[in-house]
1. I'd like the Karplus ³J(HN,Hα) series for region 69-86: coefficients 6.51, -1.76, 1.60, θ = phi - 60°, whole numbers in Hz, and an x wherever there's a Gly or Pro.
2. If I model a spin label as a point 7 Å beyond the Cα along the Cα-Cβ vector, how far apart are those points for residue 67 and residue 29 in nm?
3. Could you name the aspartates and glutamates whose alpha carbon sits less than 20 Å from that of residue 17, not counting residues in the same chain fewer than 8 places away?
4. How far apart, in nanometres, would the label points at residue 58 and residue 17 be if each is projected 7 angstrom from Cα along the Cα-to-Cβ direction?
5. If you count only protein heavy atoms with a 1.4 Å probe, what accessible area per residue comes out for region 5-61, rounded to a whole Å²?
6. Within the chain, list the GluC sites (Glu not before Pro) lying in a DSSP loop whose Cβ has at most 13 other Cβ atoms in a 10 Å radius.
7. Tell me, what is the FRET efficiency for residue 10 and residue 41 to the nearest 0.05, using R0 = 25 angstrom and their Cβ-Cβ distance as r?
8. Taking trypsin sites (Lys or Arg not before Pro) as candidate sites, keep only those in a DSSP loop with at most 12 other Cβ atoms within 10 Å, then name the longest stretch of the chain containing none of them.
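The values are calculated or read from the model by the stated rules, or taken from the named source; none is laboratory data. Treat the numbers as computed from the prediction; the structure is a model and nothing was measured. A quick note on method: Cβ atoms are made from the backbone with ideal geometry, for glycine too, and the neighbour counts reach across all protein chains shown. These accessible areas exclude ligands, DNA and RNA; they are computed on the full protein's heavy atoms, side chains included. Shrake-Rupley method; radii C 1.70, N 1.55, O 1.52, S 1.80 Å.
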Amino acid sequence: MNEKEFYLILGFVKISKYRMDTLKSIGTTLKMPSEIARENSFSTSQVSSALIDLKKKDLVYCVNEEVRKGRLYKCSDLGLKVIEHL
């Protein structure tokens, strides 16, 4: 990924408080959407929407996609790099 592509992704995250705070909330840990929602005083639907956006940009991924409840999300290396610039 070149510098321009990275800055496009960084801007995509920064333009949304929900995406930015969701990404920062996960950080280097594993988190469920309900935990992220509680920590940030967001609704779970706001967090779910942010996670969908972040997954599309390969910033986060679900480590247990096969379960319906209790899904855990983790930041990718790119996601951690973006956090450094927030």
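1. Each residue's phi maps through the Karplus curve to give 10, x, 5, 10, 10, 9, 6, 7, 4, 5, x, 5, 5, 5, 4, 4, 9, 8 Hz.
2. About 1.6 nm separates the two model spin labels.
3. 35, 39, 53, 58, 84
4. Distance between label points: 3.1 nm.
5. Here the per-residue accessible area is 55 Å².
6. 65, 66
7. 0.55
8. 1-67
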